[in-house]
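Quick notes on the structure that follows.
The values are calculated or read from the model by the stated rules, or taken from the named source; none is laboratory data. Fair warning: this is a prediction, and the values are worked out from it, not measured in the lab. Neighbour counts are summed over all protein chains in view; Cβ atoms, including those assigned to glycine, are modelled from backbone coordinates with ideal geometry.
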Amino acid sequence: MIRYITISLALATSIQAFSKESPADLVNPLVGTQSTFELSTGNTYPAIALPWGMNFWTPQTGENGSGWQYVYTDNKIRGLKQTHQPSPWINDYGAFSLMPETGKLVLSDKERGSWYSHKAEIALPYYYKAYLADYDVTAEIAPTERAAILQFTYPATDEAFMVVDILDGKGMIEVQPELRRVIGKACNNHGGVPDNFANYFVIEFDRSFTLAESQDSVAGIRFSSTSRGEIITARVASSFISFAQAEHNLKELGSQTFTQIKENGRDRWNDILGRFDVEGAEVDKDRTFYSALYRSLLFPRKFYEVTPENEVVHYSPYNGEVLPGYMYTDTGLWDTFRALFPLLNLVYPSVNREIQEGMLNAYRESGFFPEWASPGHRDCMVGNNSASVLADAYLNNVKVEDTETLWNGIVAGTENVHPSVRSTGRLGHEYYNTLGYVPYNVGINENAARTLEYAYDDWAIYQLSKALDRPEKEQNKFAMRALNYRNLFDKETRLMRGRNADGSFQSPFSPLKWGDAFTEGNAWHYTWSVFHDPQGLIELMGGRKEFTSMMDSVFSVPPHFDDSYYGFPIHEIREMQVMDMGNYAHGNQPVQHMIYLYDWAGEPWKTQYWTREVIDRLYTPYPDGYCGDEDNGQTSAWYVFSSLGFYPVAPGTGQYAITSPLFKKAKIHLENGNVVEINAPANSGVNRYISNMKVNGIEYDKNYFTNDQLSQGAKIDVEMGCDPNFERGVSEDAAPYSFTNELRSTAEGRKILKDFEKTLSKRKNKK
C-alpha cells in the first residue's frame with residue numbers, strides 16, 4: 001500500500017512538472033508541415049531560429065528549388081538548409097545547405113537524401129536534431145540571429161564527408177582547407193532582388209579536411225578518419241552585405257559551445273514567448289497556443305545587420321545599395337495587417353517600431369511601401385495594406401519619427417502603382433479615385449476585393465490624417481473614399497458584387513464563384529470586408545436581424561463552390577469544403593474576422609460559440625494543425641488573440657472585439673511593465689459563453705476592449721456559463737466602433753455621408 005502511494009505521488013509530481021514546461025519547450029515547430037499543393041494544413045516548415053532572426057534553418061526534405069522544402073510525410077532529408085522562405089508560393093532566396101555523408105560521396109540533392117524517422121527527430125524553436133540513417137550520422141542545429149552552430153556526430157569511418165550546396169549554380173563556393181573554411185555566395189532567388197544580390201556565407205570547421213569533389217553549385221569535402229561518436233562542428237554565419245560582414249556576424253557565436261548557443265536560444269524564446277502566461281486548459285491547448293505564438297514571432301524577419309562599429313545597416317533589396325537603418329522583410333501585408341501587426345503593436349511595440357522604420361526605408365529606396373516583400377517587392381495578392389499597417393502602428397503609439405515621409409509615402413501609394421510589380425501601390429487607382437470603385441470590366445482582376453480593401457485603407461489613412469493634423473480638405477477626401485465599399489453592395493442579393501464601369505453590376509453573378517471579382521474567396525467571404533464600418537453594412541442589409549441571418553447562412557449553406565476562374569479547386573477551396581462549416585473558409589484570411597461581427601449585431605453569444613468551434617476543431621499542436629495556409633503569422637495570431645478572448649477586427653480603431661477566453665487564467669506582460677490579467681475560473685468545453693464580465697472590478701457590458709484599457713493594465717474577470725446570456729452586450733452602445741457612427745456624431749461627418757449618398761444616387765440615375 002505504501003509503495004502504491006509513493007508511485008502515485010511520484011506520478012503526480014511528474015505530471016505537475018510537465019504542466020509547467022517552459023513555453024519554448026511546449027512549441028512544436030512541425031505544426032503545419034503535413035501539407036501538399038492540393039490541401040494545406042499550414043504550408044509551414046520547422047523554422048529553427050530566434051524570434052525575427054535574419055536567418056532560419058530547416059531540415060530539407062524536398063528537392064532544391066521546391067517551395068515545399070520540408071514535408072512531414074517525406075522520408076528523406078537532403079540537407080540542413082539556411083532558409084529565408086516565407087511561404088512555398090513565394091519560395092526562397094539566398095539559401096544554402098550542409099549535408100554530412102559517409103561511405104560514398106554523393107553531391108546531387110536528388111540522390112544524397114538519407115532516410116530518417118520522426119521518432120529520432122527533435123524539433124524545437126531553438127534546436128533541431130535528426131538521425132540520418134543511411135550515413136549513421138546525427139545532425140544538430142542551434143542558431144543565433146545571423147549565425148548558427150551545426151554539429152555532426154559521425155560513426156567510425158575512413159569515408160566522412162560534408163556537402164555544401166548553393167542550390168542552383170548562381171554564385172560561388174570556395175573551399176579553403178588551409179583555413180578549415182568554406183566560403184560562398186548564394187544568389188538563388190525567385191524575384192524581388194537587384195542584380196547584385198547575394199548571400200555571403202562563411203563556414204568554419206573544427207577539423208581539417210581536403211577537397212573531395214566540386215561542381216558549379218556544390219562542393220564535397222572529406223575529413224580524415226573518424227571514431228564512433230566523434231563530433232565535427234561547423235560554425236556558420238552569413239551576410240547580405242559582404243564576406244567581411246559575414247565574418248563579423250560569425251562573432252555572434254563568440255567562443256560559446258554548441259550547448260551554450262542552444263541554451264541561449266532557449267532563454268531568448270522563453271523571454272519572448274513568456275510575455276504570455278496561460279493556464280487552466282488541456283495541455284494540447286497550451287501546446288497549440290505557444291506553437292501559434294512562435295509562428296507569430298518569426299515574420300517579418302530582420303534584414304539588417306550591425307557593423308563592427310555597432311552601426312545598424314542593411315543591404316537594400318530595392319536599389320542594391322548598403323544603407324543605414326533598419327529593414328525587415330518576408331511578409332505579405334494582405335494577410336498580416338489583420339492580426340499579426342496588431343499583436344506586435346500591443347505586446348512587442350519596440351520590435352514593430354523597428355519594422356515601421358524599415359518600411360519607411362523601403363519607401364525611400366523604391367518609391368513605394370511594401371505590400372508583399374521577399375526580400376523586395378513581389379507581385380502577390382491585392383490591396384494597399386501598408387497604409388493600415390503604418391496607420392495602426394502610429395495610432396497605437398508605435399510612432400516613427402519622420403512623419404512627413406510617412407504621410408507622403410502613404411498618399412503616393414493611393415495614386416500610383418509600381419511600374420513592374422502590380423501588387424505594390426494601387427492597381428486601378430485611376431478608376432477607384434474617380435468612380436469610387438475598380439470596375440469589373442476593365443481588365444483588372446479581383447477588382448471587388450481591391451475596392452473593399454482600398455476603402456478600408458482609406459479609412460485608416462483618414463484616421464492617420466486626423467492624428468497628424470492634416471488639412472480638413474485632405475481629411476475629408478479620405479473620409480469620403482472610406483465609404484466606397486457601398487458602391488459594391490447589391491441590395492438584391494445583399495452581397496458585395498463586381499460592378500462595371502457604367503454602374504451596372506456584373507452579370508451573370510454567382511455568390512459561390514471563387515476569384516474573378518474577389519481574391520481567393522467568393523462573395524460570401526468578401527461581403528464582410530468592411531472592417532471599419534460594420535454598422536454601415538448592417539444598415540445596407542436592412543438591419544441587425546437581416547445581418548445576422550446572412551452571417552448564419554455562411555455556415556448553413558452547403559460547401560458548394562464555383563472554381564471556373566481558376567480551372568480547378570485551389571487548395572483554399574478544398575480546405576473550406578472539408579471542414580464541415582458550410583461556406584465559412586477559415587483557412588484563408590478574408591473571412592477570419594466575420595464571426596466577430598455578431599458583436600456589432602447584438603448577438604455576441606454567436607461570436608463566443610463560433611470562435612470556440614474554430615479553436616477546438618481547426619487548430620491542433622500536430623503536423624496537420626492548421627486548416628489552411630498559416631501565412632506568416634496571421635492565422636496563428638488569430639488563434640493567439642481569440643484564445644485570450646479578444647480580436648482586432650479593424651486595426652486602426654484601437655479596439656478589440658470580445659469573445660469568450662479559452663483559458664481559465666491568462667496574463668499578458670506588456671513592455672511598459674503593466675499586466676493584462678484574464679480570469680475565467682469556470683471555463684470549460686461546456687462553459688463557453690460569457691455570463692458576466694468585470695474589468696478592474698466594475699461590471700462591463702461592452703463587446704470590445706480598447707488599446708488604452710489594456711495598455712494601462714487590466715484585470716478582466718469573466719463568469720462563464722454553459723448557456724448564452726441573451727441580455728449581455730445586446731444594446732447598440734455595447735457594439736464596437738463603426739465609421740458610420742463616427743460620421744453621424746459631427747456636422748462635417750453628416751455632410752460627408754450626405755454628399756456620398758448624392759454621388760451614389762447620381763450613379764444609379766445615370767445607369
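Here residue 536 fulfils each of the conditions (1) in contact with a Leu (Cβ under 7 Å, 6 or more places away or on another chain); (2) more than 23 Å from residue 414 (Cα to Cα) apart from (1). Count of the stretch 141-182 residues, restricted to those that are out of contact with any Phe, Trp or Tyr (no Cβ under 9 Å at 6 or more places or on another chain), assigned to a loop (DSSP other than H, G, I, E, B) and either among the polar types (S, T, N, Q) or crowded, with 21+ Cβ neighbours inside 10 Å (or both), is 2.
Quick grid of which residues meet (1) under 25 Å from residue 550 (Cα atoms); (2) out of contact with any helix residue (DSSP H, G or I) (no Cβ under 6 Å at 6 or more places or on another chain); (3) not in a loop (DSSP other than H, G, I, E, B):
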| residue | (1), (2), (3) |
| --- | --- |
| 443 | no, yes, no |
| 452 | yes, no, yes |
| 461 | no, no, yes |
| 464 | no, no, yes |
| 479 | no, no, yes |
| 486 | yes, yes, yes |
| 492 | yes, yes, no |
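Scanning the stretch 214-249 for residues that are outside any loop (DSSP other than H, G, I, E, B), among the small types (Gly, Ala, Ser) and in contact (Cβ under 8 Å) with a residue 24 or more places away in the chain gives 214, 219, 220, 234, 237, 238, 239, 246. The condition of being farther than 20 Å from residue 636 by Cβ, in a loop (DSSP other than H, G, I, E, B) and small (Gly, Ala, Ser) holds for only one of 53, 62, 42, that being 62.
Got a number for residues in the stretch 455-476 being surrounded by fewer than 20 Cβ atoms within 10 Å (Cβ to Cβ) and either within 18 Å of residue 743 (Cα to Cα) or basic (Lys, Arg) (or both)? Can you show your working first?
First, pick out the residues of the stretch 455-476 that are surrounded by fewer than 20 Cβ atoms within 10 Å (Cβ to Cβ): 466-474, 476.
Those still in the list that are either within 18 Å of residue 743 (Cα to Cα) or basic (Lys, Arg) (or both) too: 466-467, 469-474, 476.
Residues meeting the conditions: 9.
For the stretch 205-228, the condition holds for no residue, the condition being that it is surrounded by 21 or more Cβ atoms within 10 Å (Cβ to Cβ), under 25 Å from the mean Cα position of the chain (by Cα) and of a type outside the set (Phe, Trp, Tyr). Only a single item in (1) buried (at least 23 other Cβ atoms within 10 Å of the Cβ); (2) in contact with a helix residue (DSSP H, G or I) (Cβ under 6 Å, 6 or more places away or on another chain); (3) among the hydrophobic types (A, V, I, L, M, F, W, C) is not met by residue 48, and it is number (2).
Taking each residue of the stretch 594-610 that is more than 15 Å from residue 529 (Cα to Cα) and looking for partners that are of a type in the set (Asp, Glu) with beta-carbon atoms closer than 7 Å, six or more apart or interchain, yields 607/599.
Suppose the filter is at pLDDT 95 or above, small (Gly, Ala, Ser), part of a loop (DSSP other than H, G, I, E, B) and in contact with a strand residue (DSSP E or B) (Cβ under 6 Å, 6 or more places away or on another chain); does residue 94 pass it? The answer is yes for residue 94.
One residue stands out among those in the stretch 689-715 that are out of contact with any Phe, Trp or Tyr (no Cβ under 7 Å at 6 or more places or on another chain) and of a type in the set (Lys, Arg): the one that is nearest to residue 349 (Cα to Cα), which is 715.
Take the conditions touching a Cys at 6+ places or on another chain (Cβ under 9 Å) and touching a residue at least 40 places away in the same chain (Cβ under 8 Å) and apply them to residue 688. Does it pass? Yes; evaluated as a whole, the condition is true for this residue.
Restrict the check to the stretch 75-83 and report whether at least one residue is within 19 Å of the chain's Cα centre (by Cα) and either surrounded by fewer than 21 Cβ atoms within 10 Å (Cβ to Cβ) or over 14 Å from residue 163 (Cβ atoms) (or both).
Step one: list which residues in the stretch 75-83 are within 19 Å of the chain's Cα centre (by Cα), which gives 83.
Subsequent filtering for residues that are either surrounded by fewer than 21 Cβ atoms within 10 Å (Cβ to Cβ) or over 14 Å from residue 163 (Cβ atoms) (or both) retains 83.
Taking every residue of the stretch 75-83 in turn, at least one turns out to be within 19 Å of the chain's Cα centre (by Cα) and either surrounded by fewer than 21 Cβ atoms within 10 Å (Cβ to Cβ) or over 14 Å from residue 163 (Cβ atoms) (or both).
Residue 387 meets all of the listed conditions (1) under 21 Å from the mean Cα position of the chain (by Cα); (2) not in a helix (DSSP H, G or I) but one, namely (2).
Just for the stretch 509-520: of the residues that are touching a residue at least 24 places away in the same chain (Cβ under 8 Å) and surrounded by fewer than 24 Cβ atoms within 10 Å (Cβ to Cβ), which one is farthest from residue 572 (Cα to Cα)? Quick ask: steps written out before the conclusion?
If we filter the stretch 509-520 for residues that are touching a residue at least 24 places away in the same chain (Cβ under 8 Å), which is where we start, we get 510, 512-520.
Add one more test, that the residue is surrounded by fewer than 24 Cβ atoms within 10 Å (Cβ to Cβ), and what stays is 510, 512-513, 515-516.
On the way: 510: 18, 512: 13, 513: 13, 515: 11, 516: 15 Å.
Ranking the candidates gives 510 first.
Can you spot a residue in the stretch 252-260 that is in contact with a helix residue (DSSP H, G or I) (Cβ under 9 Å, 6 or more places away or on another chain) and part of a strand (DSSP E or B)? Checked against the condition, which is being in contact with a helix residue (DSSP H, G or I) (Cβ under 9 Å, 6 or more places away or on another chain) and part of a strand (DSSP E or B), the stretch 252-260 yields no hits at all.
What are the residues in the stretch 102-117 that are part of a strand (DSSP E or B) and either surrounded by fewer than 22 Cβ atoms within 10 Å (Cβ to Cβ) or in contact with a helix residue (DSSP H, G or I) (Cβ under 8 Å, 6 or more places away or on another chain) (or both), if any? Full working, then the answer.
Restricting attention to the stretch 102-117, the residues satisfying the condition of being part of a strand (DSSP E or B) are 102, 114-115.
Hits for the stretch 102-117 are 102, 115.
Looking at the stretch 710-741, which of its residues are assigned to a helix (DSSP H, G or I) and within 30 Å of residue 670 (Cα to Cα)? Hits for the stretch 710-741 are 710, 711, 733, 734, 739.
Remark: pairs (first residue in the stretch 110-127, hydrophobic (A, V, I, L, M, F, W, C) and modelled with pLDDT of 95 or more; second residue surrounded by 15 or more Cβ atoms within 10 Å (Cβ to Cβ) and assigned to a strand (DSSP E or B); Cβ separation under 6 Å; 6+ apart in sequence or on different chains) = 115/76; 120/131; 122/129. Do we have residue 752 as aliphatic (A, V, I, L, M) and either part of a loop (DSSP other than H, G, I, E, B) or in contact with a strand residue (DSSP E or B) (Cβ under 8 Å, 6 or more places away or on another chain) (or both) here? So residue 752 fails the test. Considering (1) part of a helix (DSSP H, G or I); (2) in contact (Cβ under 8 Å) with a residue 40 or more places away in the chain, the lone condition that residue 430 does not fulfil carries the number (2).
Does residue 516 qualify as being part of a loop (DSSP other than H, G, I, E, B), modelled with pLDDT of 95 or more and at positive phi? Break it down into steps so the answer makes sense when it comes.
Details: part of a loop (DSSP other than H, G, I, E, B): yes; modelled with pLDDT of 95 or more: yes; at positive phi: yes.
Here the answer is yes, as residue 516 does meet what is asked.
Yes or no: residue 348 crowded, with 24+ Cβ neighbours inside 10 Å and either modelled with pLDDT of 95 or more or out of contact with any Phe, Trp or Tyr (no Cβ under 8 Å at 6 or more places or on another chain) (or both)? When the stated conditions are applied, residue 348 does not pass them.
Residue check: is residue 363 buried (at least 20 other Cβ atoms within 10 Å of the Cβ), modelled with pLDDT of 95 or more, under 20 Å from residue 710 (Cβ atoms) and not acidic (Asp, Glu)?
On the way: buried (at least 20 other Cβ atoms within 10 Å of the Cβ): yes; modelled with pLDDT of 95 or more: yes; under 20 Å from residue 710 (Cβ atoms): no; not acidic (Asp, Glu): yes.
Judged against the criteria, residue 363 is not a match.
Filtered by the rule that a residue be part of a strand (DSSP E or B), over 23 Å from the mean Cα position of the chain (by Cα) and buried (at least 20 other Cβ atoms within 10 Å of the Cβ), the stretch 118-139 gives 130, 132, 137, 139. Could you tell me whether the stretch 265-274 includes any residue that is surrounded by fewer than 21 Cβ atoms within 10 Å (Cβ to Cβ), outside any helix (DSSP H, G or I) and within 21 Å of the chain's Cα centre (by Cα)? Yes, there is a match, as at least one residue in the stretch 265-274 is surrounded by fewer than 21 Cβ atoms within 10 Å (Cβ to Cβ), outside any helix (DSSP H, G or I) and within 21 Å of the chain's Cα centre (by Cα). Can you find even one residue in the stretch 600-616 that is surrounded by 22 or more Cβ atoms within 10 Å (Cβ to Cβ) and among the aliphatic types (A, V, I, L, M)? Among the residues of the stretch 600-616, at least one is surrounded by 22 or more Cβ atoms within 10 Å (Cβ to Cβ) and among the aliphatic types (A, V, I, L, M), which makes the answer yes.
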